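Right, one structure below, let's go through it.
The values are calculated or read from the model by the stated rules, or taken from the named source; none is laboratory data. All figures in this text were calculated on a predicted structure; none of them were measured in a lab. Glycine also receives a Cβ, built like all others from the backbone with ideal geometry; neighbour counts cover every protein chain displayed. Accessible surface is based on the protein model in full, side chains and every heavy atom, while ligands, DNA and RNA are left aside. Shrake-Rupley method; radii C 1.70, N 1.55, O 1.52, S 1.80 Å.
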Amino acid sequence: MVFLTRIEHFNAAHKLYNPNWSREKNEEVFGACANENWHGHNYELYITIKGDPDPDTGFLFDVKKLSSIIKDQVLEKLDHKNLNVEVDFLKGKICSTENLIIGIWNELLPQLPKQVKLHAIKLYETPRIFVEYFG
Amino acid sequence: MNKKVAIFRKEHFNAAHRLSVPEWTDEQNFEVFGKCSNPHYHGHNYDLVVKVTGVPDPKTGYVVNLSVLSDLIQKHVLAKFDHKNLNLDTKEFASLNPTAENIVLVIYEILREKIDPKLDLSVRLYETERNFVEYPA
(Lines give C-alpha, C1' and ligand atoms only; values in the text may rest on other atoms or scores of the structure.)
Protein backbone atom coordinates (compact mmCIF):
# COMPACT_ATOMS: atom_id res chain seq x y z
CA MET A 1 0.00 0.00 0.00
CA VAL A 2 1.36 3.38 -1.04
CA PHE A 3 0.13 6.81 0.02
CA LEU A 4 0.44 9.59 -2.53
CA THR A 5 -0.08 13.26 -1.69
CA ARG A 6 -0.71 16.19 -4.00
CA ILE A 7 -0.29 19.68 -2.52
CA GLU A 8 -2.38 22.56 -3.84
CA HIS A 9 -3.15 26.03 -2.56
CA PHE A 10 -5.84 28.69 -2.77
CA ASN A 11 -6.51 32.14 -1.35
CA ALA A 12 -9.89 33.14 0.00
CA ALA A 13 -11.81 35.56 2.20
CA HIS A 14 -14.10 34.40 5.00
CA LYS A 15 -15.55 35.26 8.37
CA LEU A 16 -16.64 33.12 11.27
CA TYR A 17 -20.14 34.21 12.04
CA ASN A 18 -23.27 32.50 13.28
CA PRO A 19 -26.25 34.43 11.84
CA ASN A 20 -28.49 33.23 14.67
CA TRP A 21 -26.38 35.14 17.19
CA SER A 22 -25.98 38.86 17.90
CA ARG A 23 -22.83 40.60 16.71
CA GLU A 24 -21.66 40.80 20.34
CA LYS A 25 -22.05 37.06 20.84
CA ASN A 26 -20.20 36.38 17.55
CA GLU A 27 -17.32 38.63 18.62
CA GLU A 28 -17.23 36.95 21.99
CA VAL A 29 -16.95 33.46 20.45
CA PHE A 30 -15.02 34.11 17.21
CA GLY A 31 -12.97 37.20 18.17
CA ALA A 32 -11.28 39.03 15.28
CA CYS A 33 -12.44 36.26 12.90
CA ALA A 34 -16.01 37.58 13.20
CA ASN A 35 -15.10 40.90 11.46
CA GLU A 36 -18.20 41.55 9.37
CA ASN A 37 -16.19 42.72 6.33
CA TRP A 38 -14.23 39.46 6.25
CA HIS A 39 -10.52 38.69 6.42
CA GLY A 40 -8.54 36.10 4.47
CA HIS A 41 -6.00 33.32 4.25
CA ASN A 42 -3.57 31.48 2.02
CA TYR A 43 -4.89 27.94 2.38
CA GLU A 44 -2.60 24.95 1.70
CA LEU A 45 -4.39 21.74 0.74
CA TYR A 46 -2.89 18.23 0.98
CA ILE A 47 -4.85 15.48 -0.77
CA THR A 48 -3.65 11.94 -0.01
CA ILE A 49 -4.79 8.86 -1.94
CA LYS A 50 -3.81 5.24 -1.26
CA GLY A 51 -3.46 1.98 -3.12
CA ASP A 52 -1.04 -0.33 -4.90
CA PRO A 53 0.99 0.84 -7.91
CA ASP A 54 -0.37 -0.28 -11.29
CA PRO A 55 1.98 -2.99 -12.67
CA ASP A 56 2.08 -1.37 -16.14
CA THR A 57 2.61 2.29 -15.19
CA GLY A 58 4.11 1.98 -11.73
CA PHE A 59 1.64 4.68 -10.76
CA LEU A 60 -0.93 4.65 -7.99
CA PHE A 61 -2.79 7.15 -10.16
CA ASP A 62 -1.58 9.73 -12.67
CA VAL A 63 -0.81 12.64 -10.37
CA LYS A 64 -1.39 15.14 -13.19
CA LYS A 65 -4.93 13.82 -13.56
CA LEU A 66 -5.38 14.01 -9.78
CA SER A 67 -4.20 17.61 -9.88
CA SER A 68 -6.66 18.44 -12.70
CA ILE A 69 -9.56 16.89 -10.76
CA ILE A 70 -8.65 18.87 -7.62
CA LYS A 71 -8.34 22.06 -9.68
CA ASP A 72 -11.63 21.59 -11.55
CA GLN A 73 -13.73 20.29 -8.66
CA VAL A 74 -12.31 22.15 -5.67
CA LEU A 75 -9.94 25.04 -6.42
CA GLU A 76 -12.16 26.49 -9.13
CA LYS A 77 -14.87 26.93 -6.47
CA LEU A 78 -12.61 28.28 -3.72
CA ASP A 79 -9.64 30.16 -5.13
CA HIS A 80 -9.87 33.96 -4.84
CA LYS A 81 -13.42 33.59 -3.55
CA ASN A 82 -15.41 34.69 -0.53
CA LEU A 83 -16.19 31.41 1.24
CA ASN A 84 -19.30 32.76 2.98
CA VAL A 85 -20.83 34.33 -0.11
CA GLU A 86 -19.70 32.42 -3.17
CA VAL A 87 -19.28 28.73 -2.32
CA ASP A 88 -22.37 26.57 -2.85
CA PHE A 89 -21.23 23.70 -0.65
CA LEU A 90 -20.70 26.01 2.34
CA LYS A 91 -24.13 27.72 2.09
CA GLY A 92 -25.74 27.78 5.52
CA LYS A 93 -22.59 26.52 7.23
CA ILE A 94 -20.08 28.29 9.48
CA CYS A 95 -16.95 28.75 7.31
CA SER A 96 -14.55 27.20 9.80
CA THR A 97 -11.56 25.21 8.58
CA GLU A 98 -13.28 22.12 10.02
CA ASN A 99 -16.40 22.59 7.90
CA LEU A 100 -14.32 23.56 4.89
CA ILE A 101 -12.28 20.34 4.93
CA ILE A 102 -15.43 18.18 5.23
CA GLY A 103 -16.93 20.12 2.31
CA ILE A 104 -13.81 19.59 0.20
CA TRP A 105 -13.87 15.84 0.96
CA ASN A 106 -17.53 15.61 -0.09
CA GLU A 107 -16.89 17.56 -3.31
CA LEU A 108 -13.84 15.56 -4.27
CA LEU A 109 -14.83 11.99 -3.39
CA PRO A 110 -17.52 11.45 -6.08
CA GLN A 111 -15.21 12.93 -8.76
CA LEU A 112 -12.36 10.45 -8.25
CA PRO A 113 -12.21 7.35 -10.47
CA LYS A 114 -13.37 4.17 -8.73
CA GLN A 115 -9.88 2.69 -8.39
CA VAL A 116 -8.65 5.77 -6.47
CA LYS A 117 -9.11 5.57 -2.71
CA LEU A 118 -9.11 8.90 -0.92
CA HIS A 119 -7.18 8.47 2.32
CA ALA A 120 -6.87 11.89 3.96
CA ILE A 121 -7.15 15.60 3.44
CA LYS A 122 -5.04 18.09 5.35
CA LEU A 123 -5.86 21.79 5.20
CA TYR A 124 -3.66 24.60 6.51
CA GLU A 125 -5.41 27.89 7.25
CA THR A 126 -2.15 29.47 8.39
CA PRO A 127 1.31 27.88 8.72
CA ARG A 128 0.43 27.25 12.38
CA ILE A 129 -3.17 26.04 12.13
CA PHE A 130 -4.33 23.00 10.20
CA VAL A 131 -7.03 20.33 10.23
CA GLU A 132 -7.09 16.73 8.97
CA TYR A 133 -10.03 14.63 7.77
CA PHE A 134 -10.19 10.93 6.95
CA GLY A 135 -13.82 10.70 5.84
CA MET B 1 35.02 51.22 13.92
CA ASN B 2 31.39 51.76 12.91
CA LYS B 3 30.15 48.26 12.35
CA LYS B 4 26.57 48.26 11.12
CA VAL B 5 24.34 45.30 11.94
CA ALA B 6 20.94 44.48 10.46
CA ILE B 7 18.29 43.18 12.83
CA PHE B 8 15.02 41.61 11.68
CA ARG B 9 11.57 41.12 13.19
CA LYS B 10 9.03 38.83 11.53
CA GLU B 11 5.32 39.32 12.04
CA HIS B 12 2.19 38.18 10.26
CA PHE B 13 -1.38 39.24 9.68
CA ASN B 14 -4.42 37.90 7.83
CA ALA B 15 -6.59 40.16 5.71
CA ALA B 16 -9.12 40.30 2.90
CA HIS B 17 -8.71 42.59 -0.08
CA ARG B 18 -9.75 43.31 -3.65
CA LEU B 19 -7.65 44.83 -6.44
CA SER B 20 -9.54 47.23 -8.67
CA VAL B 21 -9.60 50.68 -10.20
CA PRO B 22 -12.95 52.20 -9.15
CA GLU B 23 -13.40 54.12 -12.42
CA TRP B 24 -13.11 50.92 -14.47
CA THR B 25 -15.87 48.43 -15.26
CA ASP B 26 -15.79 44.94 -13.69
CA GLU B 27 -14.65 43.62 -17.10
CA GLN B 28 -11.70 46.04 -17.31
CA ASN B 29 -10.72 45.24 -13.73
CA PHE B 30 -10.87 41.51 -14.46
CA GLU B 31 -8.73 41.99 -17.56
CA VAL B 32 -5.97 43.69 -15.53
CA PHE B 33 -6.28 42.13 -12.06
CA GLY B 34 -7.79 38.74 -12.93
CA LYS B 35 -9.27 36.79 -10.03
CA CYS B 36 -7.86 39.39 -7.60
CA SER B 37 -10.59 41.76 -8.76
CA ASN B 38 -13.39 39.54 -7.37
CA PRO B 39 -15.94 42.08 -6.00
CA HIS B 40 -16.61 39.76 -3.04
CA TYR B 41 -12.91 39.93 -2.01
CA HIS B 42 -10.40 37.17 -1.30
CA GLY B 43 -7.62 37.03 1.28
CA HIS B 44 -4.10 36.22 2.35
CA ASN B 45 -1.82 35.33 5.23
CA TYR B 46 0.65 38.18 4.96
CA ASP B 47 4.13 37.73 6.36
CA LEU B 48 6.00 40.88 7.27
CA VAL B 49 9.77 41.18 7.73
CA VAL B 50 11.03 44.46 9.17
CA LYS B 51 14.77 45.11 8.86
CA VAL B 52 16.50 47.80 10.94
CA THR B 53 20.15 48.57 10.30
CA GLY B 54 22.56 50.57 12.44
CA VAL B 55 25.58 50.51 14.70
CA PRO B 56 24.92 48.70 17.99
CA ASP B 57 24.71 51.08 20.94
CA PRO B 58 28.04 50.84 22.84
CA LYS B 59 26.26 50.58 26.20
CA THR B 60 23.37 48.21 25.47
CA GLY B 61 24.79 46.34 22.48
CA TYR B 62 21.41 46.84 20.77
CA VAL B 63 20.72 48.30 17.32
CA VAL B 64 17.13 48.47 18.44
CA ASN B 65 15.31 46.80 21.29
CA LEU B 66 13.38 44.00 19.55
CA SER B 67 10.65 44.04 22.12
CA VAL B 68 10.11 47.76 21.45
CA LEU B 69 10.20 47.15 17.67
CA SER B 70 7.70 44.30 18.00
CA ASP B 71 5.36 46.51 20.07
CA LEU B 72 5.61 49.28 17.44
CA ILE B 73 4.67 46.88 14.64
CA GLN B 74 1.87 45.39 16.74
CA LYS B 75 0.39 48.75 17.70
CA HIS B 76 0.79 50.69 14.45
CA VAL B 77 0.59 48.01 11.74
CA LEU B 78 -1.00 44.76 12.92
CA ALA B 79 -3.72 46.43 14.96
CA LYS B 80 -4.78 48.28 11.79
CA PHE B 81 -4.59 45.42 9.29
CA ASP B 82 -4.92 42.03 11.06
CA HIS B 83 -8.26 40.26 10.44
CA LYS B 84 -9.45 43.27 8.46
CA ASN B 85 -10.73 43.97 5.00
CA LEU B 86 -8.03 46.30 3.68
CA ASN B 87 -10.41 48.04 1.27
CA LEU B 88 -13.30 48.52 3.69
CA ASP B 89 -11.82 48.65 7.18
CA THR B 90 -8.67 50.79 6.80
CA LYS B 91 -8.33 54.49 6.04
CA GLU B 92 -4.97 53.82 4.36
CA PHE B 93 -6.58 51.84 1.52
CA ALA B 94 -9.96 53.56 1.34
CA SER B 95 -8.84 55.10 -1.95
CA LEU B 96 -5.52 53.34 -2.59
CA ASN B 97 -5.41 49.98 -4.37
CA PRO B 98 -4.16 47.45 -1.77
CA THR B 99 -1.55 45.76 -3.95
CA ALA B 100 1.44 44.24 -2.17
CA GLU B 101 3.46 47.18 -3.54
CA ASN B 102 1.16 49.77 -1.97
CA ILE B 103 0.86 47.84 1.30
CA VAL B 104 4.65 47.70 1.74
CA LEU B 105 4.93 51.44 1.02
CA VAL B 106 2.24 52.24 3.59
CA ILE B 107 3.83 50.02 6.25
CA TYR B 108 7.24 51.56 5.58
CA GLU B 109 5.86 55.10 5.99
CA ILE B 110 4.08 54.17 9.23
CA LEU B 111 7.21 52.62 10.75
CA ARG B 112 9.69 55.17 9.38
CA GLU B 113 8.07 57.89 11.51
CA LYS B 114 8.40 55.79 14.66
CA ILE B 115 11.98 54.57 14.27
CA ASP B 116 15.12 56.58 15.09
CA PRO B 117 16.17 58.45 11.89
CA LYS B 118 19.77 57.33 12.49
CA LEU B 119 18.67 53.77 11.75
CA ASP B 120 18.01 52.43 8.23
CA LEU B 121 14.68 50.73 7.66
CA SER B 122 13.59 48.19 5.07
CA VAL B 123 10.33 46.27 4.87
CA ARG B 124 9.58 43.01 3.07
CA LEU B 125 6.03 41.78 2.67
CA TYR B 126 5.00 38.29 1.56
CA GLU B 127 1.50 38.09 0.11
CA THR B 128 2.01 34.39 -0.53
CA GLU B 129 5.12 32.23 -0.13
CA ARG B 130 5.90 32.91 -3.75
CA ASN B 131 4.88 36.56 -4.11
CA PHE B 132 6.66 39.19 -2.10
CA VAL B 133 7.77 42.82 -2.27
CA GLU B 134 10.44 44.92 -0.61
CA TYR B 135 10.89 48.64 0.04
CA PRO B 136 13.18 50.51 -0.38
CA ALA B 137 14.17 48.81 -3.62
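Helical runs assigned H by DSSP (4 residues or longer) give chain A a calculated mean residue ellipticity at 222 nm of -6500 deg cm²/dmol, each run adding -39500 (n - 2.57) before division by the residue total. What FRET efficiency would be calculated for the residue pair B:Q74, B:K118, taking the C-beta separation as r and a Förster radius of 25 Å, to the nearest 0.05? The calculated FRET efficiency here is 0.65. Inter-chain neighbour count for A:9-15: the average number of beta-carbon atoms from partner chains within 10 Å of each residue's beta-carbon is 6.
Chains B and A together bury roughly 1800 Å² of accessible area, counting both sides, with a 1.4 Å probe on protein heavy atoms only.
On the accessible surface of chain B, probed at 1.4 Å, how many percent belong to carbon and sulfur atoms? Ligands and nucleic acids excluded, carbon and sulfur reach 53 percent. Solvent exposure of chain A amounts to 53 Å² per residue of accessible area, where only protein heavy atoms count and the probe is 1.4 Å.
Taking a straight Cα-Cα cut-off under 16 Å and skipping sequence neighbours fewer than 8 places away in the same chain, the aspartates and glutamates within cross-link reach of B:K35 are A:D72, A:E76, A:D79, A:E86, B:D26, B:E27, B:E127.
Put the Cα centre of region B:18-43 next to the Cα centre of region B:49-126 and the gap is 27 Å.
Every Cα-Cα pair of region A:8-135 was included, and the share exceeding 25 Å stands at 30 percent. Protection proxy ranking of B:23-30, A:74-81, by the mean of other Cβ atoms within 10 Å over each peptide's residues and highest first, is A:74-81, B:23-30. Only helices enter the 222 nm calculation for chain B: every DSSP H run of n ≥ 4 contributes -39,500 (n - 2.57), and dividing by all residues gives -7000 deg cm²/dmol, rounded to 500.
Here chain B is treated as a Stokes sphere of Kirkwood radius computed over C-alpha pairs; at 20 °C and 1.002 mPa s its diffusion coefficient rounds to 133 µm²/s. Other residues within the sphere of radius under 13 Å centred on the Cβ of A:E36, judged by their own Cβ, net out at 0 (K and R +1, D and E -1). Computed in the context of the full set of protein chains, the accessible area of chain A at 1.4 Å probe radius has 51% of its extent on carbon or sulfur.
Per-residue Karplus couplings for region A:107-120, computed as 6.51 cos²θ - 1.76 cosθ + 1.60 with θ equal to phi - 60°, are listed in order as 6, 7, 3, x, 8, 7, x, 4, 6, 8, 9, 6, 9, 7 Hz, Gly and Pro entered as x.
Shielding value for B:127-133 is 2, the average number of Cβ atoms from other chains within 10 Å of each residue's Cβ.
For the segment A:29-41, counting C-beta atoms of other chains within 10 Å of every residue's C-beta and taking the mean gives 6.
Based on the mean of other beta carbon atoms within 10 Å per residue, what is the order of A:118-127, A:38-47, A:104-113, most packed first?
Numbers: A:118-127: 17.4, A:38-47: 23.5, A:104-113: 15.0.
Answer by packing, highest mean first, reads A:38-47, A:118-127, A:104-113.
For each pair in A:K77/B:K91; B:K4/B:K51; B:K59/B:K118; A:K25/A:K93; A:K71/B:K84, compute the distance between the two Cα atoms and list the pairs where it is over 19 Å.
Numbers: A:K77/B:K91 31 Å; B:K4/B:K51 12 Å; B:K59/B:K118 17 Å; A:K25/A:K93 17 Å; A:K71/B:K84 28 Å.
Violating the 19 Å Cα-Cα cut-off are A:K77/B:K91; A:K71/B:K84.
Across the alpha-carbon atoms of the protein assembly as shown, the computed radius of gyration and Dmax are 21.9, 71 angstrom.
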